[in-house]
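Below is one structure, written out as structure tokens; comments come after it.
The values are calculated or read from the model by the stated rules, or taken from the named source; none is laboratory data. Worth saying up front: this structure is predicted, and the values here are computed from it rather than measured. Ideal geometry is used to build each Cβ from the backbone, glycine not excepted, and the neighbour counts take in all protein chains shown.
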Amino acid sequence: MATKSFVTFHIDQQMFGIEIERVREINRYLDITQVQQAPSYIRGLVNLRGQIVTVLDLGIRLGLAAREITSKSHNVILNALSSHNGDEARESRDTVGLLVDAIDDVVEVEENEIEPPPANIGELDGRFLTGVAKLNEGLLVILSGEKVLEKK
């Protein structure tokens, strides 16, 4: 049976995961510069070893409150995603980070244990979810890296 690996993290008390292939690195560098007139879910920019990274507040993006930066807060830096426009694929040079409350472990889940997301998981915006899996630690809500990064 095939397994998928997910980097897991918390927003409020809920555990989320994103496929490990989507994650470039995780860091605690949180000196975020705000961007004027950006959408509310864009927390700002960080300079990560000379590369400018756009940081999304994952709480706002998912329909929750803005994240409060604490000693446990982290940025989950995602790999650049390819975008497809008709037959033409192009690689995005934009590097994006997700501001999360706390980092958890990498977990492996059997593909047959991943269920479609329910219609309503609390106040979460369901368009960003690809599935859920029951773990010993609780419910893992699986995010779509592509959907979270879409402009709308």
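Odds and ends about this structure:
- Of all the criteria given as (1) among the hydroxyl-bearing types (S, T, Y); (2) touching a residue at least 40 places away in the same chain (Cβ under 8 Å); (3) surrounded by fewer than 16 Cβ atoms within 10 Å (Cβ to Cβ), the one not satisfied by S71 is (2).
- Selection status of T95, among the polar types (S, T, N, Q), in contact with a strand residue (DSSP E or B) (Cβ under 6 Å, 6 or more places away or on another chain) and touching a residue at least 60 places away in the same chain (Cβ under 8 Å): yes
- Where a residue in segment 44-61 is within 16 Å of L149 (Cα to Cα) and its partner, wherever it lies, is surrounded by fewer than 11 Cβ atoms within 10 Å (Cβ to Cβ) and not basic (K, R), with Cβ under 8 Å and at least six apart: G44/Q34; D57/S40; I60/S40
- Filtered by the rule that a residue be outside any loop (DSSP other than H, G, I, E, B), within 16 Å of the chain's Cα centre (by Cα) and not aliphatic (A, V, I, L, M), segment 26-56 gives N27, R43, G44, T54.
- For segment 98-133, filtering for residues that are free of Cβ contacts under 8 Å to residues at least 12 places away in the same chain, surrounded by 12 or more Cβ atoms within 10 Å (Cβ to Cβ) and touching a helix residue (DSSP H, G or I) at 6+ places or on another chain (Cβ under 9 Å) leaves 0.
- Enumeration of residues in segment 134-152 that are touching a residue at least 24 places away in the same chain (Cβ under 8 Å) and assigned to a strand (DSSP E or B): L135, G138, L139, L140, V141, I142, L143
- Residue match in segment 99-109 (condition: modelled with pLDDT under 95, within 17 Å of the chain's Cα centre (by Cα), not in a strand (DSSP E or B) and not hydroxyl-bearing (S, T, Y)): no
- Looking only at segment 33-58, and only at residues there that are buried (at least 19 other Cβ atoms within 10 Å of the Cβ) and among the β-branched types (V, I, T), the one that is nearest to D125 (Cα to Cα): V55
- Which numbered condition G86 misses (of (1) modelled with pLDDT under 95; (2) surrounded by 13 or more Cβ atoms within 10 Å (Cβ to Cβ)): (2)
- Of the set (1) closer than 22 Å to P117 by Cα; (2) free of Cβ contacts under 8 Å to residues at least 12 places away in the same chain; (3) not hydroxyl-bearing (S, T, Y), all apply to V7 but (2).
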